[in-house]
Ligand code: SF4
């Protein structure tokens, strides 16, 4: 068997998972397994080192399909490695990111910080708002791959105040140099953008970090302009499936109460407002036919966003737990397309400092899957120039500053280019 390159190994581990040998001392060396948000972070956080860039991932450990994996994590002479049982010569050195000290701290209100947010790769992920409304309907309208309803209020605090979030983000920034806080929410009974606004403003004023937001799309598109003026740096839109039949079947709540078009409208709006490469469309690969996944990638890049593609994980507790984990060969095709579609559309990925997302194969991780052509070298050259040119802008964005826009009264907002909100 040929040795896999770092992106191929990352994909194969996402598809097959990893067993843990008795030699490992993860309780001492690793972050805890955290079943938070939609549940995708339920595995083991790993770093696959490579000279060009380190790849961060969250490898499945607990799901039944992991029984059949050829991969085993072991510890030898104080270092971790992954062995492939199909060929004894295949040994891959890996790093285990340690548990941050702030996971043991509490906010001034007494909330454990590890229940306010979790590190997913190098960024701080925070679920805000109530448990997703789709989990509270009868019959349930929850998305079939999701386990949020089993996690919020159990493994993470049900209610997170602005102060809890600010104190946790400050601790994560001070200790680990976190540069990005990503908010995520399920369906709320009010517009989630209204709920997010005070958190965004407080982080910009008191912490100084890049801020991302993922929420059910608002029909009031002007509110995205409001959030941008409050400081949101990135929006992601998880429409999950491009094929409308799969969208309807696997996302009953989103189908009935939101509709696929609302995701496209919001994504296209922010792409126009914020420019190329700032926002993302989020999809799941491994359930709908691969042609639909490739069409999604082409659509997302055509409107100026980058695709964030999760490899489907049949999680315990999800309605889709019985489905098989995706095939490695198909996922390689998907992620090669992610990289090459970004290249074709001239989408600059990976510019922001220290943002490695462990729940997906990052678009720039996928560079290892694409052949070395003149076009690729030119794209990589432009990416490295853009990264250097953008550094001062990111430094400014990560400096705390007053935000002269109300976060609590959206009706007071007067967008610069649009008509005032009605
Ligand atoms: S919208 Fe779907 S994926 Fe998001 S929290 Fe609700 S059920 Fe889960």
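The table below lists the values:
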quantity	calculated
CD proxy at 222 nm, helix term only [per DSSP H run n ≥ 4: -39500 (n - 2.57); per residue of the chain; nearest 500]	-10000 deg cm²/dmol
Residue order, fewest to most surrounding Cβ atoms within 10 angstrom, among 343, 274	274, 343
GNM result for the chain, Cα springs below 10 Å: residue of 381, 335, 180 fluctuating most strongly	381
Packing-based exposure ordering (other Cβ within 10 Å, fewest first) of 294, 9	294, 9
0 to 90° range, to nearest 10: angle between helix 374-397 axis and the chain longest Cα axis	50
Taking 316, 133, 242 and counting other C-beta atoms within 10 Å, the order from fewest to most	316, 133, 242
Cα gyration tensor shape for segment 293-406, rounded if a/c is under 1.5, else prolate or oblate	oblate
For segment 228-255 versus segment 326-400, the gap between their alpha-carbon centres in whole angstrom	22
Rounded, prolate or oblate (a/c below 1.5 giving rounded, otherwise prolate when a/b exceeds b/c) for segment 76-180 by Cα gyration tensor	oblate
Degrees, to the nearest 10: 192-202 long Cα axis against longest axis of the chain	90
Among 122, 107, 408, residue whose mean-square fluctuation peaks in a GNM of the chain (springs only between Cα atoms under 10 Å)	408
Cα gyration tensor category, rounded, prolate or oblate, for the chain with a/c compared to 1.5	rounded
Degrees between helix 6-16 axis and first principal axis of the chain (Cα, 0 to 90, nearest 10)	90
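Throughout, read-outs are computed from the coordinates displayed, never taken from laboratory work. Keep in mind that what you see is a predicted model, and the values were worked out from it rather than measured. Here Cβ is always computed from backbone atoms with ideal geometry, including for glycine, and neighbour counts include all displayed protein chains.
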